[in-house]
């Protein structure tokens, strides 16, 4: 199956700093990628849809100025958590639909801890 | 809006038992349904994918069924092992447009020796 690589797998940062998370499709092109957030013992909640060459689409309640998404190429989407606060600590995971647009492939996830 | 519910939320069983995990969804207009495994602090591993036209899929000790009309799917794990301990997530893919799965909260499974 298709491979989606996410980096870093974990990061600890100080409150007020920004953190960038990368999501790459390794063996296929993805014009669309999705970013999810998962709090402990909760489901994966869709945050935003990243579109190559255009603006991301954010779900209701997600601050677009805080969670900056850039989809600069057909294989790379980045999520930047700006001015991070402890409440942003969570598990962030990206996914991309395969070429047939009938299956989702997920990155390994990034554990963000803001201290 | 599609809602996905998984029951039970948690399950603890002795090794060797056969298990049934349940997933229900509110909108039957789905494209397919995927079962994932998530180990603590890790990403998702796809276990089984069932297309809306299919009734079940099997992989090793895992069998997933789908009853689209009633909005239900079950994941059957035969002869459970401690290595099966993980959270199992059910995700429903909507028909039409980009494929964006909607997830349930998962079932946390512990299989003890």
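If you go through segment B:45-75 and keep only what is within 14 Å of chain A (Cβ to nearest Cβ) and assigned to a loop (DSSP other than H, G, I, E, B), you end up with B:52, B:53, B:54. Looking at segment B:9-35 only, could you name the residues that are surrounded by fewer than 16 Cβ atoms within 10 Å (Cβ to Cβ) and either in contact with a helix residue (DSSP H, G or I) (Cβ under 7 Å, 6 or more places away or on another chain) or within 13 Å of chain A (Cβ to nearest Cβ) (or both)? Result: B:9, B:10, B:15. Limited to segment A:62-115, what total is found for residues that are within 14 Å of another protein chain (Cβ to nearest Cβ), surrounded by fewer than 17 Cβ atoms within 10 Å (Cβ to Cβ) and at positive phi? Residues that pass the stated criteria total 1.
Candidates B:48, B:89, B:109: the one that is surrounded by 13 or more Cβ atoms within 10 Å (Cβ to Cβ) and touching a helix residue (DSSP H, G or I) at 6+ places or on another chain (Cβ under 7 Å) is B:109. Within 14 Å of the chain's Cα centre (by Cα) and at pLDDT 95 or above: does that describe residue A:44? Against the criterion (within 14 Å of the chain's Cα centre (by Cα) and at pLDDT 95 or above), residue A:44 does not qualify.
The values are calculated or read from the model by the stated rules, or taken from the named source; none is laboratory data. Note that this is a predicted model, so its numbers are computed, not measured. When we count neighbours, we look across all protein chains shown, and the Cβ atoms used for this are built from the backbone with ideal geometry, even at glycine.
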